[in-house]
Amino acid sequence: MKSQLSCSEEDDYDSSRRVNYWWRSAAKFDEYGKLKLDFLNVSRLTPRLRVLREMERLALIAPEGLNELRHKLHNYRSGDFWVPTGGIKREEMDIPPVITILLVGFSGSGKSSLINLMYSVLSRSGLMLFAQTSSGNLSNFTTMYMEEHNVLRSMRSGFCVYDSRGFEEDRLSEGLVELSSWMSEGVHHNQLCLRSVDYGTILKNEVDIDDDMRSSSKFVQRRVNCAMVVANVAEISKALKVGDSKPLEATRQLFCAPDLRKCNENPILILTHGDLLSAEERMEARLKICESLDISESNGVYDVVCLTEYGFPTEEYDPITGYAVTEAMYRALLISDRGHFPKKTLQDWAVVMLSWLMCFIAALFSCLADICSRLGHIDRKLK
């Protein structure tokens with residue numbers, strides 16, 4: 001127990017926990033140190049100091065707030081965070097039985113690692129891995145499926161998280177089309193994600209996917225309620241250093257995709273692999289990403305280190321990472337519950353049917369008018 005440690009041991013214990021607080025090694029931290037108690041002059045802070053203030057906010061809340069927020073997620077049921085507006089009752093809202101949160105990003109961005117960290121933080125699963133990263137072998141189709149994860153490992157869970165196949169920067173347009181279908185048509189577990197580049201390999205290896213496609217259709221189709229964009233901050237930073245803005249531009253296009261914004265106006269951004277950078281490099285990359293994406297430096301952006309240098313989940317060593325993941329999930333559920341629409345009544349369906357009927361009549365008369373016009377032209381020519 002920590003209470004039984006000597007003073008020197010307690011100092012070593014605290015210093016070991018502080019070692020992962022990367023922002024405290026930034027040059028600006030000494031200047032910022034006394035500002036953590038001053039929340040009145042936020043507008044006067046520079047972007048760098050706003051990031052430091054956000055990190056310190058997480059540090060102040062994490063030790064006590066992690067368990068409280070985790071408890072709220074465990075007791076969450078779909079629609080719990082919906083706020084009544086316009087006199088509409090909750091029973092009149094079209095609330096799905098399970099809220100669906102979709103992770104999107106490029107290959108190697110850390111989506112699967114983030115899923116495993118969620119299991120570790122929310123359900124205390126330890127070192128067991130539940131989501132596997134792609135091996136790059138197309139004969140192993142488990143790496144090409146949409147995967148539904150109940151990160152609470154509870155039958156009473158009110159939400160699920162989907163791990164999607166990563167996009168490729170060179171074929172982003174194709175990825176955006178696939179993203180559009182996910183957002184409009186929904187997703188289901190074991191859904192096969194095939195792209196044009198895959199078919200040549202499939203034919204070459206003579207792989208039969210019909211059985212896989214048939215079995216995947218047996219799972220429940222879920223409407224996407226919120227999306228999280230996962231970005232590799234280390235890769236973006238290294239590319240910017242050599243003058244390559246392609247990864248940053250690709251991330252901007254994905255984050256600002258219209259189909260993504262239809263679901264939630266401000267998607268949540270998760271920055272991973274920041275442990276590969278120094279504090280200054282990490283902060284500089286974060287600010288450039290936020291500037292490119294036109295979002296606040298400290299609102300809806302979370303720095304997450306999924307594994308330590310020894311391969312252990314970071315939550316036990318860095319409670320701020322654990323709290324950041326938990327708060328991101330909590331924010332996603334808030335966004336989801338506040339984006340529900342009222343159920344369609346009989347009057348609404350009657351209006352829809354009437355509009356379809358009017359469109360059909362209009363198309364019919366347009367077709368008759370075109371036929372009569374052509375007959376008139378033929379009659380003039382004969383005369």
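Starting from 0.36 nm per residue, how many nanometres of slack lie between ALA363 and ILE378 once their C-alpha separation is accounted for?
Difference between extended and current length: 3.1 nm.
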Going by C-beta contacts inside 10 Å, put SER157, SER164 in order with the fewest on the left. SER157, SER164
Is the stretch 42-89 best put as rounded, prolate or oblate by its Cα gyration tensor, with a ≥ b ≥ c the root eigenvalues, rounded for a/c under 1.5, and otherwise prolate when a/b is larger than b/c, oblate when not? oblate
Sequence gap at least 6, Cα distance under 8 Å: using those rules, report the relative contact order of the stretch 220-366 to the nearest whole percent. 25
If each K or R counts +1 and each D or E counts -1, the residues other than THR100 whose Cβ falls under 10 Å of its Cβ total +1
Expected sort for LYS343, LYS238, LYS111 with the fewest Cβ neighbours (10 Å cutoff) up front is LYS343, LYS238, LYS111
From the cross-link list LYS111/LYS218; LYS218/LYS262; LYS111/LYS238; LYS89/LYS344; LYS218/LYS343, which pairs have alpha carbons spaced over 22 Å apart? LYS111/LYS218; LYS218/LYS262; LYS218/LYS343
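Every number in this text was worked out from the coordinates using simple rules, so none of it is lab data. None of the values given here were measured: they were computed from a predicted structure. Backbone-built Cβ (ideal geometry, glycine too); neighbour counts: all protein chains shown.
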